[in-house]
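Inspection log for the structure reproduced underneath, given as structure tokens.
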Amino acid sequence: MSSAEVARQAGISPDQVIRFDTNSSPWAGADLTALGPLALNEYPDPTYAELTSAIARYAGVSAAAVTVGAGADEVLDLLAKAFVGPSDPVLLSDPTYSMYRTISELAGGLVTEVAAQNWQLNRRSMQEAASQARVTWLSNPNNPTGELLPLDFIAELADATAGLVVVDEAYYEFAGLTAAPLIADLPNLVVVRTLSKGFGLAGARVGYALSGADVSAALAVVRPPGSIGSVAAALGTRTLADVAVMRARVAQIGKLRERLAVDLEQLGFPVRTTPTNFILVAGAPGLAKGLANKGMVVRSFEEGSAMSGWVRVTVRAAEENSRLVDAMRQWRLADDS
Ligand code: PMP
């Protein structure tokens with residue numbers, strides 16, 4: 001739901017709405033004036049050479065290993081377009097990021113879901129099913145459970161299939177673990193990342209894939225030439241030049257995450273923390289609605305899903321988290337009465 005609609009229903013102004021549901025960064029921070037004059041009369045460089053080399057430097061790979069896109073979402077979609085054909089078997093663990101199913105089905109794929117057990121990916125069943133799959137999607141850490149799979153499992157899975165194994169590392173900056181070094185030995189592995197989370201540029205739409213030569217070549221065929229605007233590309237390049245700012249913010253989110261978890265536990269809410277910028281909180285039915293009525297949006301899950309009864313909460317700035325804690329305290333008191 002848009003912030004304007006949340007505000008309308010809560011009877012507040014849109015700038016009072018706080019998004020705890022998007023796993024974005026609390027700091028606006030991007031200074032467009034620092035970019036200087038850009039030739040916006042011209043199309044972006046279709047090779048995105050500067051952005052690509054900034055990503056390559058950051059990721060410690062060659063520019064040939066990098067494919068850029070308008071957010072991780074476009075990169076994931078390009079992978080589906082390049083590798084999933086009509087009736088191709090596609091594999092994912094449930095629950096995971098919903099986009100994998102959508103883009104696989106749009107490409108004509110037939111999705112098999114392996115149910116996680118206690119929010120933990122069923123490694124044995126995934127391993128077995130992967131051997132038949134054209135594409136296996138993994139979110140590592142997993143949105144929404146926060147589970148972080150070890151690299152030896154990912155390597156075994158990629159080794160056991162001729163299909164593509166996509167490791168979506170949207171939360172890499174928080175978790176600090178990457179499958180990228182495995183690609184040298186396992187060319188059917190591809191890592192997808194974004195500047196939307198740790199780097200705080202969700203509004204700019206910059207994401208990328210790290211892959212071997214064959215996957216890069218396949219992506220080049222389906223990648224549109226100009227889906228990242230010049231402003232976003234320049235902002236991405238500039239942001240990657242100052243990794244220290246990102247690291248400081250990621251460290252701060254880590255501290256704020258533990259603080260928020262403790263505060264909510266003290267109110268009596270069961271909490272599961274994750275190596276990302278979100279936590280999971282158990283709340284009786286009505287919690288998400290109660291918070292939305294105060295302009296605070298958390299991610300709730302469908303009845304009957306593995307996550308039902310829990311909400312996913314993005315860690316935001318200290319003052320915003322305090323407002324959430326206060327609202328949840330009030331909700332708890334009202335709920336108990
Ligand atoms: N993958 C995962 C696992 C995500 O959680 C998200 C953002 N919600 C994305 C991809 C999409 O990121 P982007 O903003 O780069 O499209």
Name every residue in the range 5-30 that is part of a helix (DSSP H, G or I) and surrounded by 11 or more Cβ atoms within 10 Å (Cβ to Cβ), in order of residue number. Glu5, Val6, Ala7, Arg8, Gln9, Ala10, Pro14, Gln16
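Go through the range 31-52 residue by residue and tally those that are open to solvent by less than 50 Å² (accessible area, probe 1.4 Å) and not β-branched (Val, Ile, Thr).
So the first thing to find is which residues in the range 31-52 are open to solvent by less than 50 Å² (accessible area, probe 1.4 Å), and the list is 34-36, 44, 48, 51-52.
From the residues that got through so far, the ones that are not β-branched (Val, Ile, Thr) too are 34-36, 44, 48, 51.
Total meeting the criteria: 6.
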Among the residues of the range 190-205, how many are of a type in the set (Lys, Arg) and crowded, with 24+ Cβ neighbours inside 10 Å? 2
Count - residues of the range 271-323 that are in contact with a helix residue (DSSP H, G or I) (Cβ under 9 Å, 6 or more places away or on another chain), open to solvent by 30 Å² or more (accessible area, probe 1.4 Å) and polar (S, T, N, Q): 4
Quick test for you: out of Leu256, Leu182, Leu260, pick the one residue that is in the same structural domain as Leu91 (by TED's automatic domain parsing) and in contact with a helix residue (DSSP H, G or I) (Cβ under 8 Å, 6 or more places away or on another chain). Leu182
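Only one of Ala179, Ala218 is modelled with pLDDT of 95 or more and away from the ligand (no atom under 16 Å from the Cβ). Can you tell me which? Explain how you work it out, then say what you get.
Numbers: Ala179 fails: away from the ligand (no atom under 16 Å from the Cβ).
That would be Ala218, the only listed residue that is modelled with pLDDT of 95 or more and away from the ligand (no atom under 16 Å from the Cβ).
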Gln252 at pLDDT 95 or above and either within 19 Å of the chain's Cα centre (by Cα) or within 14 Å of Asp21 (Cα to Cα) (or both): yes
Could you please let me know if Leu182 is out of contact with any Phe, Trp or Tyr (no Cβ under 9 Å at 6 or more places or on another chain) and not charged (D, E, K, R)? yes
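Given the structure, is Glu147 among the acidic types (Asp, Glu), in the same structural domain as Leu189 (by TED's automatic domain parsing) and in contact with a Pro (Cβ under 7 Å, 6 or more places away or on another chain)? Show your work before the answer.
Details: among the acidic types (Asp, Glu): yes; in the same structural domain as Leu189 (by TED's automatic domain parsing): yes; in contact with a Pro (Cβ under 7 Å, 6 or more places away or on another chain): yes.
For Glu147, the condition - among the acidic types (Asp, Glu), in the same structural domain as Leu189 (by TED's automatic domain parsing) and in contact with a Pro (Cβ under 7 Å, 6 or more places away or on another chain) - is met.
The values are calculated or read from the model by the stated rules, or taken from the named source; none is laboratory data. Not measured: the values here are computed from a predicted model. A quick note on method: Cβ atoms are made from the backbone with ideal geometry, for glycine too, and the neighbour counts reach across all protein chains shown. These area figures cover heavy atoms from the full protein model, side chains too; ligands, DNA and RNA do not enter into them. Shrake-Rupley method; radii C 1.70, N 1.55, O 1.52, S 1.80 Å.
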